[in-house]
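Novice: Quick one: structure below, then a few questions.
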Amino acid sequence: MSYIIILIVSAIAQLFLPWWVIAPIAFLVGMMKSKSSSGSFFAGAGAIATLWIAYALYLNMSSDGLMLDRVGGLFLESMKFLKNIPYTLSFFVIMALIGGLVGGFSALAGYQFKQLTK
Amino acid sequence: MKFIKFLVSLIIAAGLTYILNRPLGALPALGKLFNPFEGFWQNGGTKSSPDELKLDGIKDEVSVIFDDNRVPHVFAQNEDDLYFTQGYLVAQDRLWQMEFYTLAASGRLSEVVGERAIELDRYNRRMGMAETAKKIAASYKKDDVAFKVLSAYAAGVNAYIKQLSYKDLPVEYKIIGYQPEEWSPYKTILMLMNMRQVLNGGSEDFRMSNVLAKYGPEVVKDLFPDYPIVESPIIPVGTKWEFTPVPVPAIPTEIAAKPAGKDGAVAFNIAAPAPEIGSNNWAVGGSKSASGLPILANDPHLQLTLPSIWYQMQLSTPTMNVYGACLPGTPGVTIGFNKDIAWGVTNVGSDVMDFYQIKFKDKSQKEYWYNGAWKPTTMLIQEFKIKGKSESLKDTVYYTHHGPVLYNRASENNYAKSFPVGHAMKWVGHEEDNSDLMGFYYLNRAKNYDDYRKALTYYKAPAQNFIFADNHNDIAITPNGKLPLKWKEQGKFILDGSNPAHDWQGWIPAEQNPTVKNPPRGFVSSANQFSTDPTYPYYLGWKFAPSERGIRINERLEAMQKATIDSLRSVQNDNFNVEARRVLPDVMKILAADSANTNNTAYQALVKWNMKNDPYEVAPTIFERWVKELRTWVWEDDFSAQSEKDPMSQPTRDRTWELIKNQPTAKWFDNINTKDKVETVEDIVRGSFKATVDSLTTKLGPLNAETWAWTKVKSTDINHLGRLPGFGRQDIPNGGGPGIVNATSETHGPSWRMVVQLDKEWPKAYGLYPGGQSGNPGSPYYDNMVDKWAKGELNELLFMKNKDEKSSKIVSTTKVIGKK
C-alpha cells in the first residue's frame with residue numbers, strides 16, 4: 001500500500017516540484033502507513049526506483065536513446081571504472097540507487113518517527 | 001533506543017538528499033542531473049514547435065515555418081517582431097552556446113567552470129574585450145536602427161530564457177551546474193568581440209624582433225620579405241587604383257624597439273596568427289556561367305565545434321527577404337543571399353595588432369616614458385569570481401595610450417604564453433566604431449552593387465574580404481574594414497612605445513580600401529592571401545596566409561567555362577596540393593640520386609601520387625609530414641621556434657621552397673649544431689625524408705594503405721564547444737588539409753559551405769555546415785549534416801518567396817502572436 005501511494009504521489013508532485021520532494025513524501029507515507037521498518041524502507045526505495053526507471057525508460061525510448069549515449073560517453077571518460085559495464089545499464093542502476101536510497105531512508109525515518117510517539 | 005533509530009535514519013535521509021542536491025567536487029548535483037523528471041533524460045529528442053506561441057513583446061502576427069532540416073523561415077510584418085523572433089528561435093536552439101562565447105570573451109568562464117579557466121580569463125580580461133564591448137553598447141542611441149535591432153533581439157532571447165525551468169535548460173547547464181543570465185545588446189557585441197579575437201588576435205612581432213636582434217636587417221630582408229615569391233593576390237595584378245592616395249607617414253630611423261635587456265626581456269610565444277583560420281570565397285560572372293548570371297561560393301574555415309558556429313535562417317519582412325548563416329547571438333544574416341544579391345566573407349590577414357615596448361618609471365607602473373616625458377598610465381582592477389572558491393581573485397591592468405599592458409610579470413601559467421612582458425597592445429579590436437552590425441543589416445537588404453558598397457562603409461573589424469554578386473551581372477570583391485595607415489613595415493617588429501613616430505597615425509581612407517568590380521578575367525576570389533600586389537600605395541602587412549589555396553582557386557576558375565553550381569561545389573572540395581606541385585620535383589630529384597631512397601616504398605608512393613590530398617591515399621600523409629619535418633631541419637637550428645628564451649619566426653614555406661630550388665648552396669642548410677660537418681641541401685632533404693618515414697613507421701607500422709591513409713593520420717575531430725567528452729564527433733573521414741582548397745585540418749575546416757546561383761526571377765542556393773541546427777546533444781538535429789559535409793555534398797536550401805508558398809520540405813508552422 002505505501003509503495004503504491006509513494007509512487008503515485010511522487011509522480012504527480014515531481015511534475016511541479018523539485019526532485020527532492022520525494023523525501024518528504026516518503027517520510028509522510030512511511031509515518032502514516034508503514035507497518036514495519038524494513039517494510040517502510042523497501043516501499044520507499046522500491047516506489048521511487050520503479051517510478052524513475054519507468055519514466056526514464058519511456059523518455060529514453062521516445063528519443064532513440066541519443067541523450068543517454070552522449071551523457072554515457074561523458075561519464076565514461078571521467079569514470080573509467082565504469083568502462084566494463086554497458087552504460088545504459090550503469091546509468092539506470094545509478095539513477096535507481098539515488099532515488100531508491102533517498103526514498104527508502106526517508107520512509108524509514110518517517111516510520112521511526114511514528115514509533116517515537118507510540 | 002527508538003530515538004536513536006529515528007535520528008540515524010533521519011540523518012541518512014536528509015544527508016543523502018542534501019548531498020545529492022549539490023555539486024560534489026567536479027561532479028554536478030547528481031540528484032538533479034539523474035532524476036528523470038528534471039535531469040538529462042528530459043533533454044532527449046527535439047520538441048516539436050507548438051502551433052501557436054504567445055510571446056509578450058510581439059506586435060503583429062509572425063509565421064515561423066520549419067523545414068525538414070529544422071531551419072526556421074520567419075515571416076514578420078515589422079523589424080522589431082523579426083529580430084525578436086530571431087532572438088527567441090536562436091536561443092531555443094543555441095542558448096548555452098551563445099552565452100558560452102560571451103562568458104569567454106568577457107573573461108568570466110571561471111565563474112562557471114572554476115579555477116581551470118582562470119588563466120584564459122585573465123588573458124581575455126587583459127585584452128580588454130569586455131571594456132570595448134561595454135563602450136560600444138553604451139554608444140548606441142535610443143533612436144538608432146542598430147539599437148532597435150539589438151534590443152528587439154535581446155528581448156526575444158530573454159522571452160525564451162524567462163519561461164525556462166530547470167528541466168528545460170540545455171543539458172550543459174545541468175552538467176556544469178549553472179543558470180543562464182539575461183541577454184543584452186552588450187552580449188551581442190561580446191559575441192562580435194569574440195570574432196575579432198579569433199580572426200585578428202595573433203601576432204608575430206616579438207618573434208620577428210628576436211630575428212632582427214640576432215641576424216640584423218639584411219637577413220630579415222632576404223628571408224622575411226614583404227611579399228611572397230609566388231602569389232596570386234586577391235585584387236588581380238594590373239587593376240588600376242582609381243584614387244589619389246593620402247600621404248603615408250615617413251619611415252622613422254629606428255623601425256623597432258631596441259632589445260630591452262634582461263628585465264624587460266620579451267618573453268615567449270604569442271599565438272601567431274593561426275594559419276588555419278582562413279576561408280575561401282569566389283564569384284564567377286555571367287561570362288563564365290552556364291546561366292549567363294553570376295554564381296557565388298563561400299566557405300569560412302573556423303574551428304569546427306558542436307554546436308556549430310553557424311545557424312541557418314530565412315528572415316523576411318514586407319521590405320526584406322534574406323537567407324543565410326547567422327552567428328548565434330547576433331541579429332541578422334552574416335553570410336547569405338536575397339532575391340537579388342549574394343555575399344560572403346573571408347578574413348583579411350593584414351597586420352592590425354602591434355606591440356609597444358613600455359619603459360616604466362618604476363615598479364609601480366604609474367608612469368611611462370613617451371615623447372621625452374613621463375606620462376601617467378591608467379589603472380583598472382579586474383575581479384574574478386571563481387566557482388568553488390569563496391575569495392575572488394584580483395588582477396591589476398595598466399593602460400597606456402597605446403592600449404593595455406598585456407603582462408607585466410612573467411608567470412608560468414600565463415594563458416597565452418605568448419604575450420610580451422611590459423608590452424602594450426595596440427589592436428584594431430579595441431576600436432569603438434559601433435556600426436559593424438549595420439554593415440550586415442544593409443547587406444541583408446542590398447539590391448545591387450551600389451547598395452553593397454554603401455553597406456561596406458559601416459563595417460570596421462575584423463576586416464573581411466567581402467565578395468559580392470548580383471542578378472544585374474555585377475561581381476566584386478573588397479578587402480574591407482578599418483586598416484591602419486602605416487609606414488612600410490610598421491609593426492613587423494616590436495615598436496618603441498616612447499617614440500610618437502611609432503604610434504598608429506590614422507587610417508587608410510575607407511573608400512581607398514582595395515576593391516575590384518567585374519575584372520576582365522570574369523571572376524573574383526579570395527583565400528586570405530595578400531590583398532594586393534606591391535603596387536597598392538599602402539602597407540597592409542608583410543605576411544598573409546600562404547598563397548596555395550588562392551592559386552588553385554584562381555587556376556580552376558580561369559579554366560572554367562559554363563560554370564554551374566556543381567562545378568563550383570567541386571572547387572570547394574578540390575584536394576589538389578599546389579605546394580607538392582611546386583616543391584616535389586626539386587626534392588624528389590635529390591632523393592632519386594641516392595638508390596637507398598628509390599627502393600623505399602614511401603618514395604615510390606610519392607612518385608605515383610597524383611598530388612591530391614584524397615582521404616584514402618598514403619602519399620599525402622608522407623608529403624605533409626615530410627614538408628613539416630623538412631622545414632624544421634632547415635630552420636630550427638638557426639631560427640628556433642621552440643626556444644624557451646628567444647623563440648623566433650621561421651621563414652615562410654614560400655621562401656623555403658625558393659631557397660631549395662634556387663639557392664641550394666645557402667649557408668642555412670648547414671646544421672650549426674653539428675660541429676665537424678657542413679650539411680648540404682642534399683643531406684637535409686634526405687635526412688628529413690628518412691626521419692619522417694621512420695617516425696611514421698614507428699607510429700603506424702610498416703607502410704600500408706590502412707593505417708597510413710591520410711584521413712586516418714589527419715583525423716578531423718569536431719569537438720564539443722565546451723570540450724565535453726562524448727559530445728563531439730571524432731575521426732571524420734575526409735581529405736584536404738591546410739593549404740588545400742578543401743581546407744579541412746585536424747580541428748579546423750569549412751564551417752559553412754554555400755553556393756548561390758543568381759537569377760532574374762529567383763536564386764537557387766545550396767549549403768550546409770558540419771553540425772546541425774539544434775544545439776541539443778540529445779537531438780537528431782545536433783549533428784545531422786556532418787556526414788553529408790564530410791562527403792562534400794550540399795543541401796538544396798529552401799528559400800521561400802512568401803509564407804504561403806508550398807513545399808514538400810515544410811514540416812511545421814508556428815504562429816507567433818503577442819500576449820493580451
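The values are calculated or read from the model by the stated rules, or taken from the named source; none is laboratory data. For clarity, every value in this text was computed on a predicted model and none was experimentally measured. A quick note on method: Cβ atoms are made from the backbone with ideal geometry, for glycine too, and the neighbour counts reach across all protein chains shown.
Novice: Please count how many residues of region B:54-72 are exposed (fewer than 14 other Cβ atoms within 10 Å of the Cβ) and not in a loop (DSSP other than H, G, I, E, B).
Specialist: So the answer is 1.
Novice: If you don't mind, there's one more thing I want to ask. Do we find a residue being more than 7 Å from chain B (Cβ to nearest Cβ), among the charged types (D, E, K, R), surrounded by fewer than 17 Cβ atoms within 10 Å (Cβ to Cβ) and more than 15 Å from A:Gly100 (Cβ to Cβ) anywhere in region A:26-43?
Specialist: Among the residues of region A:26-43, at least one is more than 7 Å from chain B (Cβ to nearest Cβ), among the charged types (D, E, K, R), surrounded by fewer than 17 Cβ atoms within 10 Å (Cβ to Cβ) and more than 15 Å from A:Gly100 (Cβ to Cβ), which makes the answer yes.
Novice: Something else about it: Please work out which one of (1) under 28 Å from B:Asn742 (Cβ atoms); (2) away from chain A (no Cβ under 14 Å) is the condition B:His720 fails and give its number.
Specialist: Result: B:His720 passes all but (2).
Novice: Which ranges mark the helices (runs of 4 or more DSSP H) fully within region B:600-690 that have 1 or more residues being among the aromatic types (Phe, Trp, Tyr) and within 25 Å of B:Ala213 (Cβ to Cβ)?
Specialist: Filter on region B:600-690 gives B:619-635.
Novice: Let me ask something else about it. Taking region B:45-78, which residues are modelled with pLDDT of 95 or more and among the hydroxyl-bearing types (Ser, Thr, Tyr)?
Specialist: Correct list: B:Ser63 only.
Novice: Now for a separate question. Can you name every residue in region B:752-794 that is assigned to a strand (DSSP E or B) and surrounded by fewer than 20 Cβ atoms within 10 Å (Cβ to Cβ)?
Specialist: Those that are assigned to a strand (DSSP E or B) and surrounded by fewer than 20 Cβ atoms within 10 Å (Cβ to Cβ): B:Lys764, B:Tyr766.
Novice: Every residue in region B:162-181 that is touching an Asp or Glu at 6+ places or on another chain (Cβ under 6 Å) and either away from chain A (no Cβ under 14 Å) or under 14 Å from B:Gly775 (Cβ atoms) (or both), please.
Specialist: The one that is touching an Asp or Glu at 6+ places or on another chain (Cβ under 6 Å) and either away from chain A (no Cβ under 14 Å) or under 14 Å from B:Gly775 (Cβ atoms) (or both): B:Pro180.
Novice: Filter region A:52-68 down to the residues that are more than 8 Å from every other protein chain (Cβ to nearest Cβ) and small (Gly, Ala, Ser) and list them by number.
Specialist: Hit for region A:52-68 is A:Ala54, nothing else.
Novice: So, one more: Is at least one residue of region B:73-94 in a loop (DSSP other than H, G, I, E, B), in contact with a Phe, Trp or Tyr (Cβ under 6 Å, 6 or more places away or on another chain) and surrounded by fewer than 22 Cβ atoms within 10 Å (Cβ to Cβ)? Step through it out loud before you land on a result.
Specialist: First, pick out the residues of region B:73-94 that are in a loop (DSSP other than H, G, I, E, B): B:76-78.
From what is left, the residues that are in contact with a Phe, Trp or Tyr (Cβ under 6 Å, 6 or more places away or on another chain) are none.
No, because not a single residue in region B:73-94 is in a loop (DSSP other than H, G, I, E, B), in contact with a Phe, Trp or Tyr (Cβ under 6 Å, 6 or more places away or on another chain) and surrounded by fewer than 22 Cβ atoms within 10 Å (Cβ to Cβ).
Novice: Can you name every residue in region B:44-59 that is away from chain A (no Cβ under 14 Å), out of contact with any helix residue (DSSP H, G or I) (no Cβ under 6 Å at 6 or more places or on another chain) and of a type in the set (Lys, Arg)? Spell out how you get there, then give the answer.
Specialist: Let us first name the residues in region B:44-59 that are away from chain A (no Cβ under 14 Å), namely B:49-59.
Then keep just the ones that are out of contact with any helix residue (DSSP H, G or I) (no Cβ under 6 Å at 6 or more places or on another chain); that gives B:49-54, B:56.
Within region B:44-59, B:Lys54 is the sole residue that qualifies.
Novice: Filter region B:1-27 for residues that are within 50 Å of the chain's Cα centre (by Cα) and at pLDDT below 90; which is surrounded by the fewest Cβ atoms within 10 Å (Cβ to Cβ)?
Specialist: Here the residue is B:Gly25.
Novice: Please enumerate the residues belonging to region A:95-118 that are over 18 Å from A:Met1 (Cβ atoms), more than 7 Å from every other protein chain (Cβ to nearest Cβ) and of a type outside the set (Val, Ile, Thr).
Specialist: A:Ala96, A:Leu97, A:Gly100, A:Lys118
Novice: Kindly evaluate A:Leu15 against the criterion of being facing chain B (nearest Cβ under 10 Å) and part of a helix (DSSP H, G or I).
Specialist: Yes: the conditions hold for A:Leu15.
Novice: Quick test for you: out of B:Asn742, B:Asn784, pick the one residue that is polar (S, T, N, Q), within 23 Å of the chain's Cα centre (by Cα) and within 14 Å of chain A (Cβ to nearest Cβ).
Specialist: Details: B:Asn742 fails: within 14 Å of chain A (Cβ to nearest Cβ).
Matching residue, one of B:Asn742, B:Asn784: B:Asn784.
Novice: Which pairs have Cβ atoms under 7 Å, sit 6 or more apart or on different chains, and link a residue in region B:29-40 that is more than 7 Å from chain A (Cβ to nearest Cβ) to one that is part of a loop (DSSP other than H, G, I, E, B) and not aliphatic (A, V, I, L, M)?
Specialist: Close Cβ pairs (under 7 Å, with a partner that is part of a loop (DSSP other than H, G, I, E, B) and not aliphatic (A, V, I, L, M)) amount to B:Ala29/B:Asn21; B:Ala29/B:Arg22; B:Ala29/B:Pro23; B:Ala29/B:Gly177; B:Leu33/B:Gly39.
Novice: Of everything in region B:754-801 that's touching a Pro at 6+ places or on another chain (Cβ under 9 Å) and of a type in the set (Gly, Ala, Ser), which residue is nearest to B:Glu99 (Cα to Cα)?
Specialist: Among residues in region B:754-801 that are touching a Pro at 6+ places or on another chain (Cβ under 9 Å) and of a type in the set (Gly, Ala, Ser), the one nearest to B:Glu99 (Cα to Cα) is B:Gly775.
Novice: Could you tell me how many of the residues in region B:1-19 are closer than 25 Å to B:Lys32 by Cα and either out of contact with any Phe, Trp or Tyr (no Cβ under 7 Å at 6 or more places or on another chain) or more than 7 Å from chain A (Cβ to nearest Cβ) (or both)?
Specialist: Number satisfying all stated conditions: 7.
Novice: Can you name the residue in region B:360-389 that is assigned to a loop (DSSP other than H, G, I, E, B), over 35 Å from the mean Cα position of the chain (by Cα) and modelled with pLDDT of 85 or more and, of all such residues, is farthest from B:Gln179 (Cα to Cα)?
Specialist: B:Gly372
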